[in-house]
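Here is the structure we will look at.
The values are calculated or read from the model by the stated rules, or taken from the named source; none is laboratory data. Everything numeric in this text was worked out from a predicted model, so none of it was measured. All Cβ positions, even for glycine, are placed from backbone atoms using ideal geometry, and neighbour counts span all protein chains on display.
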Amino acid sequence: MREALTPTHLRSLTPLNVLSEQQWRELRKQLVPQPVLAGQLLFRRGDQARLTYFLLAGELLLEDAQGRQQRLVAGSEASCHPLSPSLPRLQDARALTDVSVLALDSATLNRLVTWRLAYQDLLLDLGQQYDELGWLERLLDNPLFAKVPPANVRAMLERLQSIELAAGSTVLREGEVGDCCYFLKSGRAEVIRGAGTDRQVLAELEVGACFGEEALLADRPRNATVTVVEDAVVLRLARQDFVALLKAPVVNEVGLGEAARLLAAGAQWLDVRLQGEYERAHAAQALNMPLQLLRLKARLLDKGRIYLCYCDSGKRSANAVFLLSQLGFNGYALRDGLDALPAVQRDGLLCESGAGYLVRSGGRTERSH
């Protein structure tokens with residue numbers, strides 16, 4: 001069996017059973033059972049691989065240094081827990097029959113479990129202050145909040161201003177100066193760009209959505225209008241609180257030296273400038289995904305890869321990293337952008353000119369014309 005596991009399977013395994021569906025999606029590439037043939041060793045005593053193993057099918061024999069043996073059968077209570085979790089391993093694990101195991105990166109799993117349990121405690125505390133927490137649970141399921149410390153969330157909730165709106169009300173208008181962002185606590189809202197015959201509905205927002213943050217990140221006027229389509233409650237967060245509590249822990253920045261290290265480990269440059277800017281000069285092998293198209297095209301990116309975003313000033317790239325975090329991707333912004341680099345470094349980075357690389361279906365790239 002090599003099919004991805006179902007929620008039913010995952011809820012039977014500890015500590016996977018405490019994770020949210022969004023967190024399972026973050027792990028999805030790892031949630032594929034691996035076969036081990038009868039007689040083969042899964043791991044030896046002393047093994048230090050940072051992997052967490054679960055037995056899904058078949059039988060395993062665990063044996064420690066004193067020769068004590070434990071026969072483990074899939075489906076038993078013991079098989080619902082990690083195999084020999086201590087490092088270095090204290091036991092050999094040999095397949096008695098053909099078996100199927102799940103192997104997860106331990107660091108990722110520990111991070112997700114710690115985050116989830118921390119927020120469970122927060123939700124329990126807040127249950128005494130709020131009558132209904134469904135909106136907050138949906139808000140915290142946004143991948144963005146995987147990087148926000150629970151203390152920041154608690155502080156953010158204390159500073160939110162609740163506003164009741166009738167259907168048809170406009171929350172923010174395209175072209176206005178942005179001094180805050182909002183969360184949708186109840187109701188639905190539409191994101192609209194343009195007016196009259198040029199009016200275009202870009203998205204529909206549901207409970208838990210954050211909106212209005214792009215103007216704060218880019219320090220530019222609002223790029224769209226948001227109108228509620230049914231009676232709604234929105235929560236307003238002022239610019240200074242947004243920057244301190246949400247942007248700071250989410251928008252990670254790197255210098256050129258650290259970017260080079262990440263590139264060597266498999267990261268990818270993501271140029272979020274306009275295609276015309278990109279084609280004049282861009283980083284080697286960089287993908288071009290203009291900021292205004294990022295939400296639409298992000299599905300073509302790889303959630304298992306780190307993206308290094310850059311633009312001229314650093315403002316568009318900070319916006320891009322925040323958006324990528326909301327969508328479950330890992331990203332860094334080039335600190336202060338291309339304009340802050342010494343001329344020799346800028347010229348060395350922007351070593352390609354003319355046609356560049358564009359993302360196409362399936363995550364493949366091709367040359368632009």
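Residues in region 305-345 that are under 23 Å from R280 (Cβ atoms), loosely packed, with under 15 Cβ neighbours inside 10 Å and not hydrophobic (A, V, I, L, M, F, W, C): D312, S313, D339, P342, Q345.
Criterion applied to L124, L104 was being in contact with a helix residue (DSSP H, G or I) (Cβ under 6 Å, 6 or more places away or on another chain) and either at pLDDT below 90 or not in a helix (DSSP H, G or I) (or both), and the one residue passing it is L104.
Against the conditions (1) assigned to a loop (DSSP other than H, G, I, E, B); (2) over 30 Å from R222 (Cβ atoms), V113 satisfies every one except (1). Residue count for region 157-188, restricted to those that are under 18 Å from Q240 (Cα atoms), buried (at least 20 other Cβ atoms within 10 Å of the Cβ) and touching a helix residue (DSSP H, G or I) at 6+ places or on another chain (Cβ under 7 Å): 3. Mind checking which residues of region 268-295 are hydrophobic (A, V, I, L, M, F, W, C), in contact (Cβ under 8 Å) with a residue 60 or more places away in the chain and farther than 14 Å from G314 by Cα? Across region 268-295, the qualifying residues are A281, A283, A284, A286, L287, M289. A single member of L205, L237, L270 is of a type outside the set (S, T, N, Q), at pLDDT below 95 and crowded, with 18+ Cβ neighbours inside 10 Å, and it is L205. Among the residues of this structure, E164 counts as one that is among the acidic types (D, E) and not in a helix (DSSP H, G or I).
This table checks each residue for (1) of a type in the set (G, A, S); (2) in the same structural domain as N319 (by TED's automatic domain parsing); (3) under 27 Å from A203 (Cβ atoms); (4) crowded, with 19+ Cβ neighbours inside 10 Å.
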position: T225; (1), (2), (3), (4): no, no, yes, yes
position: G257; (1), (2), (3), (4): yes, yes, no, no
position: A260; (1), (2), (3), (4): yes, yes, no, no
position: A265; (1), (2), (3), (4): yes, yes, no, no
position: Y278; (1), (2), (3), (4): no, yes, yes, yes
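Screening the candidates D302, D219 for the property of being surrounded by fewer than 16 Cβ atoms within 10 Å (Cβ to Cβ) and on the phi > 0 side of the Ramachandran plot yields one hit, D219. Of all residues in region 83-101, those being modelled with pLDDT under 95 and under 29 Å from D141 (Cβ atoms) number 1. Can you tell me which residues in region 107-120 are among the β-branched types (V, I, T) and at pLDDT below 85? Within region 107-120, just T114 meets the criteria. The set of residues in region 94-103 being crowded, with 20+ Cβ neighbours inside 10 Å and under 34 Å from the mean Cα position of the chain (by Cα) consists of V99, V101, L102. Evaluation of V229 against the conditions (1) touching a Lys or Arg at 6+ places or on another chain (Cβ under 8 Å); (2) closer than 20 Å to F322 by Cβ; (3) aliphatic (A, V, I, L, M) shows that the sole unmet condition is (2).
For region 56-78, taking the residues that are closer than 18 Å to L37 by Cα and small (G, A, S), the one that is farthest from the chain's Cα centre (by Cα) is identified as G58.
With respect to Q91, is the statement that it is closer than 28 Å to V148 by Cβ and surrounded by 16 or more Cβ atoms within 10 Å (Cβ to Cβ) true? For Q91, the condition - closer than 28 Å to V148 by Cβ and surrounded by 16 or more Cβ atoms within 10 Å (Cβ to Cβ) - is not met. Being over 17 Å from V99 (Cα atoms), part of a strand (DSSP E or B) and free of Cβ contacts under 8 Å to residues at least 24 places away in the same chain is the filter here; which residues of region 62-82 pass it? The answer is Q69, and nothing else.
Residues that are among the small types (G, A, S), in a strand (DSSP E or B) and not assigned by TED's automatic domain parsing to the domain that holds P143 occur at least once in region 50-61.
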